[in-house]
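The values are calculated or read from the model by the stated rules, or taken from the named source; none is laboratory data. Note that the structure is a prediction, hence the values are computed from the model and not measured. So basically every Cβ, Gly included, is an ideal-geometry build from the backbone, and we count neighbours across all protein chains shown.
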Amino acid sequence: MLVKRFYDAKLAQASYLVASTGTGHAIVIDPNRDIEQYLLAAADEGVAISHVTETHIHADFVSGSRELAARAQAQLLLSNEGGPDWRYAFAADAGAVLLEDGNRFDVGSVRFEAKHTPGHTPEHLMFLVTDTSADDQPLAAVTGDFLFVGDVGRPDLLERAAHVAGSMDGAARALFHSLRVLEPLPDHLQIWPGHGAGSACGKGLGALPQSTLGYERRTNWALKITSESDFVRQVLEGQPEPPAYFAAMKRINRDGPPARAAQAAPDCLDVDRLAAVLEAGTLVIDTRPAAAFAKAHIPATMNIPLNRSFTTWAGALVPYTAPFYLIVDQHGPNAHGLQEVLRDLSMIGLEQVAGYADTAVVREWGASGRPTENVPRVDAGRAASMAREHAAIVLDVRSRAEWSGGHVPGATHIPLAELPRRMEQLSGERPIIVHCQGGARSAIAASLLLARGAAPVHDLAGGFNEWQAAGLPSEC
């Protein structure tokens, strides 16, 4: 038996290739849209992908299951649980085998048993994995978004992301009862989860790539609680705001994600063409690091740095209904290249990139006589002084849980993902001092405020961490 884990750091998402080395057959579980990585890995290992499946309808990335099954001429297997509203609409057209609780199937000598584990989503399946060439008992569980290292999948997404009113409490109770499925399973059972630290599909995921059920019984808060009411309260408490794009992903993955079409390379813009794009009011995203953007940027551009959080904030802040342009480092010391950016955006279904410019365009913009802007940074002491004198609005763009744990007295709270639709709350002539916990989200927020023509904007250096380190007052 062969197991290969694939991990996308920007999505904090794991998928798995499990192969029967004796027969040369393999299955891919929870593939993302970059299907070439699975095809290449299978070829390298000398196995053929004969089956493709997924644990549930994903909310945080476009699934690659349908496309991979078609490319590999493999059997697609999908959940038939969850009721009519959360069954795969494309299953029949794709020739999928539908799985229900207790169903088993073999991939060579490797046996899989589907266990219905609703809570995170109604249709969720966990797969018990048995290498029948070695033993008749399962050695691992592919847990998807049911059980993570140190946490469980959040049960509030249907209500808060897909807008299914009143579903949150029932989903939390279903998740509590799903955890009972684990009780007869042995401590040595390996846990192969669908996400790692940084995913928005839970609130406290550990960074270990995998675990064992015994270790989770000792360390995972969710497996220690025996009261259903206590579990419901704790699992719903403090969940971060789901990224805005989650609703679109749920619909796309339920109804049938399209195969990625071959795309012509986007146009490369010079200074004059970029100026015309901005004059027309079209969104331009500058992917440089926040410090470079703060030092000098082209007015009306928005900064979403190309780092591990890039897809999260692109999905939250970039409309899915209109074309947009990019500023990308193609040649400098921080070069990532246009293709990496396009791949990352494609993973969450953002494919309406109309053109791009190299980061050198910022320097060329200034050389052409056009003005650039910067984002002034203020330290905690100066920010406190301006707030006391009512000389500025303090804007906190952290999550609700962070805000509840302590915040600057008198601050306005708008989580970053909600800022585009709530910006009118900041109307006025006073400057805005924006902050988050450490400075990453506030840099994005400052660029968004400036791009929308807000009053003078300052970024609080070091965020709320520095505010607290300076001994300044806070309230809950």
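What residue, of Gly410, Gly405, Gly438, is surrounded by fewer than 16 Cβ atoms within 10 Å (Cβ to Cβ) and either in the same structural domain as Pro242 (by TED's automatic domain parsing) or under 21 Å from the mean Cα position of the chain (by Cα) (or both)?
Gly438
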>> Looking for something over 18 Å from His116 (Cα atoms) and out of contact with any strand residue (DSSP E or B) (no Cβ under 9 Å at 6 or more places or on another chain) - is there at least one such residue anywhere in the stretch 58-65?
In response: yes
> Which of the residues belonging to the stretch 408-436 are part of a helix (DSSP H, G or I) and touching a Phe, Trp or Tyr at 6+ places or on another chain (Cβ under 9 Å)?
Replying inline: Leu416, Ala417
> Restricting the search to the stretch 437-476, which residues are in a loop (DSSP other than H, G, I, E, B) and farther than 14 Å from Arg377 by Cα?
Replying inline: Gln437, Arg452, Gly453, Ala454, Ala455, Ala470, Gly471, Leu472, Pro473, Ser474, Cys476
> Among the residues of the stretch 325-345, is there at least one that is assigned to a helix (DSSP H, G or I), touching a helix residue (DSSP H, G or I) at 6+ places or on another chain (Cβ under 7 Å) and either at pLDDT below 95 or outside the structural domain of Gly438 (by TED's automatic domain parsing) (or both)?
Replying inline: yes
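Do we have Pro184 as closer than 20 Å to Gln137 by Cβ and either modelled with pLDDT of 95 or more or of a type outside the set (Lys, Arg) (or both) here? Explain how you work it out, then say what you get.
Working: closer than 20 Å to Gln137 by Cβ: yes; either modelled with pLDDT of 95 or more or of a type outside the set (Lys, Arg) (or both): yes.
Here the answer is yes, as Pro184 does meet what is asked.
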>> Criterion first (more than 28 Å from Phe231 (Cα to Cα) and in a loop (DSSP other than H, G, I, E, B)) does Gly102 satisfy it?
In response: no
>> Cβ-Cβ under 8 Å, sequence separation 6+ or interchain: first residue in the stretch 395-419 and within 19 Å of Ala384 (Cα to Cα) and touching a residue at least 12 places away in the same chain (Cβ under 8 Å), partner part of a strand (DSSP E or B) and of a type in the set (S, T, N, Q). Which pairs?
In response: Leu395/Thr412; Asp396/Thr412
>> Is it the case, given these coordinates, that Ala114 is touching a Leu at 6+ places or on another chain (Cβ under 9 Å), surrounded by fewer than 22 Cβ atoms within 10 Å (Cβ to Cβ), of a type in the set (A, V, I, L, M, F, W, C) and in contact (Cβ under 8 Å) with a residue 12 or more places away in the chain?
In response: no
> When you scan the stretch 1-97 for strands (runs of 3 or more DSSP E) that lie fully inside it, which ones turn up with 2 or more residues that are polar (S, T, N, Q) and within 19 Å of Val110 (Cα to Cα)?
Replying inline: 13-20, 48-53
> Just one of the numbered conditions (1) of a type outside the set (Gly, Ala, Ser); (2) at pLDDT 90 or above; (3) closer than 30 Å to Val362 by Cβ is not true of Pro243; which one?
Replying inline: (2)
>> Just the residues that are at pLDDT 95 or above and out of contact with any Phe, Trp or Tyr (no Cβ under 6 Å at 6 or more places or on another chain), please, taken from the stretch 293-309.
In response: Phe293, Ala294, Lys295, Ala296, His297, Pro299, Ala300, Thr301, Met302, Pro305
>> If I go through the stretch 178-214 residue by residue, how many of them are without any contact (Cβ under 8 Å) to a residue 24 or more places away in the chain and part of a helix (DSSP H, G or I)?
In response: 1
